[in-house]
Amino acid sequence: MNRRTLLKQSASLAVGAFVLPRFSIGQPGPDKLNTAVIGIGHMGKEAVSHSSRENLVALCDVDWRAGNSEDWKRTPTPIQIARGHPDARRFSDFREMFDTMADKIDAVCIATPDHVHFAAAMAAMERGKHVFVQKPLAHNIWQLRTLQKAMHKYGVQTNMGNQGHTFEGMRLIVEWVRAGILGEVEEVHCWTDRPTLPWFVKPTAIPAPASPVPEGLDWDLWQGPVAVREYSPEYLPIRWRGWWDYGVGSLGDIGCHCLDAPFWALELGMPSAVDVELREPANDDYTVFSAHVIYHFPARGNKPAVKLHWYEGQARPPKPKGMTKLPSNGMYMVGSEETLFAAGMRPQSPTLLPRQNMSKYK
């Protein structure tokens, strides 16, 4: 089996990896893709690692400073990452990158903060480039639907960074639910401990105190398509997730992991109503630190209506029968026959509760 045949057969399974071969859909192409990465710090360093298995030709980031802050001590800075790939051209503006190298790029990996995902992905797809976009895919529902339309219009391969979708635990949950082991499922509970440090730091003031823009950071480009505000170290490199202009809070950060299994296994579709319970007033600037969201899904064919509960921060679900302590992140489905539980953000080791019930299905 040659490389082209192997990739053609495996492309549909490559959710967690950056494998988007143009020849996987039957078109002739080189042995390696020409890849580019937009946003190479933090999660972007993984994108660079995957992309460099192909022919990495361009790196784009707005933050080329030395990186002496506490936040940058946890991970290599963009400039440190770029030094490991001297043959890749460096850019600060992805529009300039595309204008300069559009004919030299096959696929693009996007790992910027959430508020830039849509603009970067559209710019790539309009030029016929395949895209991998880190989760969450975009910043609002309109952007999500527009990206979906663009995928069909431009005929490109697309992928989102929801690696847990390929885990064996995820497949087992789907198999168990659809085999009827749980019976009728009408209640689901998913939760996360976020917002937590270091990504979420409750602001002491809104707007955040302004500071001089550090040398090497293009603050205007970092803000991208959102309203202009003064620079503050409270926003970057990693604290932007809780600010509504830039991130989508804990639900956008972790929801794609915890909610994936029930959405897939139960084929939930769109909710008919959503209720939100907060322990503190909501605001237009920063996420709250405790929320309980209830999604009401209508019946689907012979499947009953489902009430799905999402908890974040200090809010927690009731403990399922037989469990004395909940993990910091997790999910359980309550069926008429069995209760299915999975610890963690991604379902790696699902089980029935109580666990001894597993013996009935060996």
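Summary of values
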item: Full-stretch length increase - Trp64, Ser290 - with 0.36 nm per residue and alpha-carbon distance subtracted; result: 77.8 nm
item: Evaluated at q = 0.09, 0.11, 0.15 Å⁻¹: base-10 log I(q)/I(0), Debye formula over Cα of the chain; result: -0.56, -0.84, -1.35
item: Against the rule of thumb 2.2 N^0.38 Å, how large the Cα Rg of the stretch 118-257 comes out; result: 1.32
item: Dipole moment magnitude, nearest 20 debye, the chain about Cα centre, only Lys, Arg, Asp, Glu C-beta charged; result: 1240
item: Global geometry of the stretch 265-358, whether rounded, prolate or oblate, following the gyration tensor of its Cα atoms and the 1.5 cut on a/c; result: oblate
item: Degrees separating the helix 114-126 axis from the principal Cα axis of the chain, which is the longest one; result: 70
item: Solution diffusion estimate, µm²/s, Stokes-Einstein, the stretch 187-328, Kirkwood Rh from C-alpha pairs, 10 °C, viscosity 1.306 mPa s; result: 92
item: Sorted by Cβ neighbour density within 10 Å, fewest at the top, the residues Ile141, Ile40; result: Ile141, Ile40
item: Residue order, fewest to most surrounding Cβ atoms within 10 angstrom, among Tyr286, Tyr154; result: Tyr154, Tyr286
item: FRET E, pair Glu175, Leu144, Förster distance 35 Å, beta-carbon r, rounded to 0.05; result: 0.80
item: The stretch 300-324 residues near the modelled Thr351 label - backbone nitrogen below 15 Å, point 7 Å along Cα→Cβ; result: 320-324
item: Partnerless Cys - the chain, beta-carbon criterion under 4.7 Å; result: Cys60, Cys109, Cys256
item: Degrees between helix 168-178 axis and first principal axis of the chain (Cα, 0 to 90, nearest 10); result: 40
item: Inverse of mean 1/r across different Cα pairs in the stretch 55-148, Kirkwood, Å; result: 14.3
item: Arg95-Lys32 FRET efficiency (beta carbon distance; Förster radius 30 Å; 0.05 resolution); result: 0.75
item: Projected label distance in nm at Gln80 and Trp244, using a 7 Å step from Cα toward the beta-carbon; result: 3.6
item: The stretch 231-327, relative contact order in percent, only Cα pairs under 8 angstrom and at least six apart counted; result: 20
item: FRET efficiency, 1/(1 + (r/R0)^6) with R0 45 Å, evaluated for Ala102 and Glu187 via beta carbons; result: 0.35
item: Near-label residues of the stretch 185-204 by backbone N, under 16 Å of a point 7 Å along Cα→Cβ of Ser336; result: 185-188
item: Contour excess over end-to-end distance, with Cα ends at Arg300 and Ser328 and 0.36 nm allotted per residue; result: 6.9 nm
item: Ranked list, fewest to most other Cβ atoms within 10 Å of each Cβ, for Trp142, Trp176, Trp191; result: Trp142, Trp176, Trp191
item: Principal axis dimensions, the stretch 275-328 - Cα atoms, whole angstrom, descending; result: 42, 32, 13
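Bear in mind that the values in this text are calculations on the coordinates, not laboratory data. Small disclaimer: the values here were computed from a predicted structure and weren't measured. In this analysis, Cβ positions are derived from the backbone assuming ideal geometry, glycine residues included, and neighbour counts consider all displayed protein chains.
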